[in-house]
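Just so it is clear, none of the values below were taken in a lab; they were calculated from the coordinates. It should be emphasised that the depicted structure is a prediction, and the values quoted were computed from it without experimental measurement. Ideal geometry is used to build each Cβ from the backbone, glycine not excepted, and the neighbour counts take in all protein chains shown.
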């Protein structure tokens, strides 16, 4: 494998692994705000126990998110130095904003969230929870802005300096921030995060109900999570649709790859499942004829630009994009079905007794995680062969001074370390879940002896 | 050397301020890590961890911010340095991962082998991380081989030259001393007594490293000394730094740990100022001076530097507010309770 492919593999591995954790921090952050807000409003100690239990899990998730996130902050420089030189004028300010506006907020108030129960009043603690949740949401803003600029560059011009170096420089900061895809992609990412948080809580609650442990705790947690899951899953229909619109307008080759649509100018079908025959430039599967044209233009006979419109060297890998996109959509539909079924049974007062649904909820924790990963895979692989769409090709963007063997060394290390981290994370998460929330007479009131702050 | 008050110089200063903030803040928690294995009982080790518990990840954010600011303001430098120091930097990242995980996981299980493993991991990764930060800075000062396009042409082993290693060891000793004084401030009883018994060694080790580094730099790294020949007034900086360093053992001797801690913090400011003066207006010294990366050929456009100044102007007061608030809330001696690590 050449150095560029190795660098891509490493970026994919480290970004994909990292992306398990901040997604959960954002989603769980929102749920913590709801739980602790209900506690302040009702003073019901049940909500306090819920908050305390999920805060502990939040802490675990956050720590791994920080540890794996630092890798990404610097990987643009280590492995993609040509890219960094080309986009630094634009990309760097988004990344620096992320740290200044989001990470400090998040990590600072997290200290109060985790360790401040006895140091500040309940109101201040709630304030800290809100700030952590906001910080987590802010961090997504800047990183999605930076990535969206790679998808749909705007607010820049291309400059060649006296030494002959070419790079993109900013001309309009707000046009860069609100580039054509930022808002749609950010809302799509948020919904994915909320799903991840909600289905984690659903899964753990369902597990307790099936095991007949902490039942009151589990029922109340489940109701909160189910509402968030349903809102986010239905919201995903809307944000996903909006995202497809910007892709159609700004990245037509990517859209064509989503559905394996080859003809230059013909109405485009939508497939539920299928297989792309890349050799003969056809797609086979379960089709809704003209449906993609209808979704984009409300007209089933309207033509959509196909892959044949692009030179082969400008097309993304079709099969991979097609399959990841369709799997993401199927998972999205599944989550809508599952959460609506939950709401229906809740309304019929059968939610907590329907064991097959509880089992489905236990497993459902994987669905948003998988869908989030597939969504990013679709977005990033669908952008190929470009690293910055239409401006810089991925093959030209890697570090020239880093050799294949160096990348193999770091890649193997990342593989091993992340395998270890992931096993430990699952082990400790499982341990915390098995241990469950602390018993109702909260032990937290007692203050440790010798606590005499000067 | 003439100092210009242009955007590039302002950003050189600001990136320096961010790295100094990182050194002062993460410096003490790296130092606590370096001393971790010298404690004996499980309670003492938990106290060590919890003394930095609420703040270590916020401290690490300073590194992330400094890195982001470097990327935004000097993309050419960011790209050259991180790709050039590839393997060294990967080792640094691995040490930060192990450190974070060790802090978070250590006390989650009661088994002795589990805790011992993470204790060792916490200590080794703290020392390795500090060492590599110093080695990187030593290389920037000593000079690395770059070609005309600013691509690094050296090797990983070439980075482990004696001078950068000396700076690395000095950094470890500086952080360890800083962390030691922090432990004295945050603990009481037996652990504090133990920390007090280490302090003469950690201060002694640092002062020895500091003196050797000063002499070696003057003798062997002429680029770092040239600014003082051109502008003798700048000699005030190394002289003041020397006085502050001398003040550390004095404050400790009189039992004024807060002042001692401030002195180690100011020492870091002084040492990084020396580094900045020696580098300016270069960012990376090269073995071939015509290929040097300066704050001008490495910078972003003036427009981006201006935008970044606005972002920093809005963001940094907020950051300082939270930082002060968090340190105030968690002031005083560390105690263990059921939320502790």
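Some points to look at:
- Using alpha-carbon coordinates, inclination of helix A:45-79 to the longest axis of chain A, degrees: 30
- For chain B, a Gaussian network of Cα nodes joined below 10 Å ranks B:219, B:160, B:191 by mean-square fluctuation, and the top entry is B:219.
- For a label point 7 Å along the Cα-to-beta-carbon line of residue B:147, residues of segment B:75-118 with backbone N under 16 Å: B:80-81, B:83-85
- Across peptide A:153-165, the average count of Cβ atoms from other chains found within 10 Å of a residue's Cβ is 1.
- Shielding by partners, peptide A:56-66 (average Cβ within 10 angstrom, other chains): 3
- Within 10 Å of each Cβ in A:400-406, the average number of Cβ atoms from other chains: 5
- Taking N as its residue count, the alpha carbon Rg of the protein assembly as shown over 2.2 N^0.38 Å: 0.99
- Between residue A:213 and residue A:44, the FRET efficiency from the beta-carbon distance, with R0 = 22 Å, is close to 0.65.
- Helix A:215-250 axis versus longest C-alpha principal axis of chain A: approximately 10°, rounded to the nearest ten.
- Highest mobility in the GNM of chain B, judged by mean-square fluctuation with C-alpha springs under 10 Å and restricted to B:36, B:178, B:254, is found for B:254.
- Among A:25, A:410, a tally of other beta-carbon atoms within 10 Å of each Cβ gives an order, fewest to most, of A:410, A:25.
- Sorting the segments B:86-94, B:24-32, B:136-144 by their residues' average number of neighbouring beta-carbon atoms within 10 angstrom, most packed first, yields B:24-32, B:136-144, B:86-94.
- Protection proxy ranking of B:99-105, A:41-47, B:149-155, B:262-268, by the mean of other Cβ atoms within 10 Å over each peptide's residues and highest first, is B:99-105, B:262-268, B:149-155, A:41-47.
- Sorted ascending by nearby beta carbons within 10 Å, beginning with the fewest, A:224, B:52, A:90, A:408 become A:408, A:224, B:52, A:90.
- Ordering B:77, A:71 from the fewest to the most neighbouring beta carbons within 10 Å gives A:71, B:77.
- Distance between modelled label sites at residue A:330 and residue A:165, nm, 7 Å Cα→Cβ extension: 4.8
- Dividing the C-alpha radius of gyration of chain A by 2.2 N^0.38 Å, with N its residue count, gives 1.05.
- Per residue Cα convex hull volume in Å³ - calculated over segment B:103-218: 146
- Note on residue A:298 and residue B:112: with the Förster distance fixed at 51 Å, the Cβ-Cβ geometry gives a FRET efficiency of about 0.15.
- Extending 7 Å from Cα along the Cβ direction at residue A:359 and again at residue B:303 yields two label points whose distance is 6.1 nm.
- Once the Cα atoms are used to define both axes, helix B:162-186 deviates from the longest principal axis of chain B by about 40 degrees.
- Value of Rg to Rh for segment B:208-311 (Rh from inverse mean 1/r over Cα pairs, i.e. Kirkwood): 1.08
- With the simple spin-label model, which puts each label point 7 Å out from Cα in the Cβ direction, the residue A:404 to residue A:242 separation comes to 4.5 nm.
- GNM flexibility winner over chain B from B:23, B:299, B:148 (Cα, springs under 10 Å): B:148
- Compactness of chain B, expressed as Rg and Dmax over alpha-carbon positions, Å: 20.2, 61
- With bins 5 Å wide beginning at 0, the percent of Cα pairs of segment B:20-121 falling in each bin runs 2, 11, 19, 21, 17, 12, 8, 5, 3, 1.
- On the beta carbon distance between residue B:258 and residue A:127, with R0 = 30 Å, the FRET formula returns roughly 0.55.
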